[in-house]
Amino acid sequence: MLEEDLKASIPPHMAELADRLVDELPEDASLLDVLMKYGQIAFEAAQERGIPFPSLTPEEIGRAGADWHLFPNMVFLPAPDAMLAYRARPDRNDPERCIFEVYSLVLYPEGQEPPLERQEFKDWRDHDAWGLILTQDFENMTEVQRGMRSTGFTGSRTNPVQERSVSNFHRALREFIGA
């Protein structure tokens, strides 16, 4: 389901194997139990396919977090055998627009890598297969920009727990520009 909704981040073979989670875990499994089982399935699949898979403890995975922000304009959503990345760059011809890039990177067994595929669209609406999650994100961008320019907007705050990396990014940005 996530592969269908996101169209990235989960290698195609893992989208199929993730169905095992439903069969092998109880309905009331915690998020940690689900993540641990997914990690076990991913590790086994990587070994079977001959993919080098990092040996990480649950503590290391927890410390690494689910999203990494690279100042000033990149976000990485890592997994042991795949990564979704975003990069936003200003459009030098229009300050109201940006160039928004989405990268989906997957590890393959040596010698079985597919050819690199690149797609480019002048407008995100020129492509109809983004999946539910990215489509919702893209649709929200215009409304968020409009809201940030309204007279009623005085500033935003991040969730101190779930968005620590965003808060840290903005702290680094303030330090960088001397604000």
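The values are calculated or read from the model by the stated rules, or taken from the named source; none is laboratory data. None of the values given here were measured: they were computed from a predicted structure. Every residue, glycine as well, gets a Cβ built from its backbone with ideal geometry; the counts of neighbours run over all protein chains shown. We work out accessible area using only protein heavy atoms, side chains counted, and drop any ligands, DNA or RNA first. Shrake-Rupley method; radii C 1.70, N 1.55, O 1.52, S 1.80 Å.
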Next item on the list: Scan the range 131-179 for residues that are among the hydroxyl-bearing types (Ser, Thr, Tyr) and over 16 Å from the mean Cα position of the chain (by Cα) and jot them down.
Entry: THR142, SER150, THR151, THR154, SER156, THR158, SER167
Margin query: With the requirement that a residue be over 19 Å from the mean Cα position of the chain (by Cα) and not charged (D, E, K, R), what does the range 55-66 give you?
Written below: SER55, LEU56, THR57, PRO58
Note to self: If I filter the range 14-25 for residues that are at pLDDT 85 or above and not in a helix (DSSP H, G or I), do I get at least one hit?
What the structure shows: yes
Note to self: Considering only residues that are over 30 Å from GLY50 (Cα atoms), of a type in the set (Lys, Arg) and surrounded by fewer than 11 Cβ atoms within 10 Å (Cβ to Cβ), which ones fall in the range 101-143?
What the structure shows: LYS122
Check: Among all residue pairs at least 6 apart or on different chains, which show Cβ distances below 6 Å where the first residue, located in the range 101-124, is on the phi < 0 side of the Ramachandran plot and the second is assigned to a loop (DSSP other than H, G, I, E, B) and modelled with pLDDT under 90?
Finding: SER104/ALA8; VAL106/PRO11; LEU107/ILE51; LEU107/ASP81; PRO109/GLY50; PRO109/ILE51; PHE121/HIS127
Next item on the list: Find all pairs meeting these conditions: Cβ atoms under 6 angstrom apart; at least six residues apart or on different chains; first residue within the range 154-179 and within 18 Å of PHE71 (Cβ to Cβ); second residue open to solvent by 60 Å² or more (accessible area, probe 1.4 Å).
Entry: SER165/HIS69; PHE169/HIS69; ALA172/PHE71
Notebook entry, point to check: Considering the range 45-78 alone, what residues qualify as being modelled with pLDDT of 80 or more, under 23 Å from TYR108 (Cβ atoms) and loosely packed, with under 13 Cβ neighbours inside 10 Å?
Noted result: GLN47, GLU48, GLY50
Notebook entry, point to check: Do you know which of the residues in the range 19-38 that are charged (D, E, K, R) and under 19 Å from LEU56 (Cβ atoms) is surrounded by the fewest Cβ atoms within 10 Å (Cβ to Cβ)?
Noted result: ASP33
Next item on the list: Among the residues of the range 109-129, write down those that are under 23 Å from ASP81 (Cβ atoms), modelled with pLDDT of 85 or more and within 19 Å of the chain's Cα centre (by Cα).
Entry: GLU117, ARG118, GLN119
Next item on the list: Identify all residues within the range 66-90 that are part of a strand (DSSP E or B) and either closer than 20 Å to ILE51 by Cα or of a type in the set (Gly, Ala, Ser) (or both); write none if there are none.
Entry: LEU77, PRO78, ALA79, ALA82, MET83, LEU84, ALA85, ALA88
Notebook entry, point to check: Can you name the residue in the range 79-100 that is of a type in the set (Asp, Glu) and in contact with a strand residue (DSSP E or B) (Cβ under 8 Å, 6 or more places away or on another chain) and, of all such residues, is most open to solvent (accessible area, probe 1.4 Å)?
Noted result: ASP91
Notebook entry, point to check: How many residues does the range 91-130 contain that are farther than 19 Å from ALA79 by Cα and in a loop (DSSP other than H, G, I, E, B)?
Noted result: 23
